[in-house]
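What follows draws every value from the coordinates through simple rules; no lab data is involved. As the structure is a prediction and not an experimental result, all values here were calculated from the model. Cβ sites come from the backbone with ideal geometry, for glycine too, and all protein chains shown count toward neighbours.
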Amino acid sequence: MADTYATVDEYIVSCPDEVQGVLREIRRTILSAVPAASEKISYQIPTMTFNGRNLVHFGAWKNHVAVYPLPADDILRAELAPYLTGKATVRFPLTAPIPYDLIGRLAAQLATERG
């Protein structure tokens, strides 16, 4: 993969074919959950913004996709707990079904918190 990306599309097509669909679906899920969101590259990964602020980042790694940060909502954090790998990062293994609905709820909750 290249070191720098100008657009989310450029980032996605730089990933292995089998991961591109996952990233596109994460993107679609977030935009569906937060229709007013915009997108950009930040920290060299796709970043969705809302009201001019970074909302959620996502990226592909060798064996997983990661989404960050996490919402403050305790119920949603409990659902994310099996995927939690740090204070504000969840990792979804590429060898298991990706819980897109959970990612959508995460994005919607972050938008509510940052509203």
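What number, in percent, do you get for the relative contact order of the chain if the mean sequence gap of Cα pairs under 8 Å and at least 6 apart is divided by its residue count? Mind showing how you got there, number by number?
Numbers: 159 pairs, mean separation 28.5, N = 115.
Value for the chain: 25 percent.
Over all distinct alpha-carbon pairs, what is the Kirkwood Rh of the chain in angstrom? Could the numbers behind the result be given before it?
Numbers: mean 1/r = 0.0710 Å⁻¹.
The Cα-based Kirkwood calculation yields 14.1 Å.
With N denoting the number of residues in the range 1-61, provide Rg(C-alpha) divided by 2.2 N^0.38 Å, to two decimal places. All intermediate terms of the calculation are to be shown ahead of the outcome.
On the way: Rg = 11.0 Å, N = 61, 2.2 N^0.38 = 10.5 Å.
The range 1-61 yields a ratio of 1.05.
If exposed means no more than 14 neighbouring beta carbons inside 10 Å and the site is in a DSSP loop, what's the longest run of the chain without any exposed trypsin sites (Lys or Arg not before Pro)?
Longest stretch, sites excluded: 1-61.
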For the range 42-82, fraction of C-alpha pairs farther apart than 12 Å, in %: 66
Which distance in nm do the two modelled labels at residue 85 and residue 62 give, with both placed 7 Å along the Cα-to-Cβ direction? 1.1
Label residue 96 and residue 75 with points 7 Å out from Cα along Cα→Cβ: what is the distance between them in nm? 2.3
